[in-house]
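Q: The structure is given below, and queries will be raised subsequently.
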Amino acid sequence: MSVDFATVKRVARLARIAVSEEEANRMVGELNGILGFVEQLSEVDVEGVEAMTSVTPVEMKKRTDDVTDGNKAADIVSNAPVTDQNFFLVPKVVE
């Protein structure tokens with residue numbers, strides 16, 4: 001795949017980027033170089049290669065899923081002006 005001058009100008013217009021004629025001519029070569037590199041990568045045989053999240057094997061840090069802040073409803077509503085059975089009471093705002 002290759003990019004020509006018209007394609008660069010069209011993409012710049014779609015992206016709402018102001019590109020001069022000189023910049024567009026330079027971008028043609030740069031984008032074709034990038035696309036050539038991507039085509040080289042597609043030639044690499046990756047059959048049987050496991051997907052990685054890092055270049056070095058790293059074990060995820062895990063913690064136990066323990067409940068640590070339970071049974072504190074009375075403490076939570078203790079500073080509220082009006083409560084009822086550990087619920088906040090607020091003025092009615094919708095009729």
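The values are calculated or read from the model by the stated rules, or taken from the named source; none is laboratory data. Because the structure is predicted, anything quoted here is derived from the model rather than measured. Ideal geometry is used to build each Cβ from the backbone, glycine not excepted, and the neighbour counts take in all protein chains shown. With ligands, DNA and RNA removed, areas are computed over all heavy atoms of the protein, side chains included. Shrake-Rupley method; radii C 1.70, N 1.55, O 1.52, S 1.80 Å.
Q: Looking only at residues in the stretch 33-51 that are farther than 17 Å from residue 1 by Cα and open to solvent by 90 Å² or more (accessible area, probe 1.4 Å), which one is nearest to the chain's Cα centre (by Cα)?
A: Once the filter is applied, the top-ranked residue is 51.
Q: Moving on to the next point. Report yes if residue 69 is surrounded by 10 or more Cβ atoms within 10 Å (Cβ to Cβ), at pLDDT below 95 and over 28 Å from the mean Cα position of the chain (by Cα), otherwise no.
A: no
Q: Can you say whether residue 30 is more than 28 Å from the chain's Cα centre (by Cα) and open to solvent by 80 Å² or more (accessible area, probe 1.4 Å), as far as the supplied structure shows?
A: Spelling it out, it is not the case that residue 30 is more than 28 Å from the chain's Cα centre (by Cα) and open to solvent by 80 Å² or more (accessible area, probe 1.4 Å).
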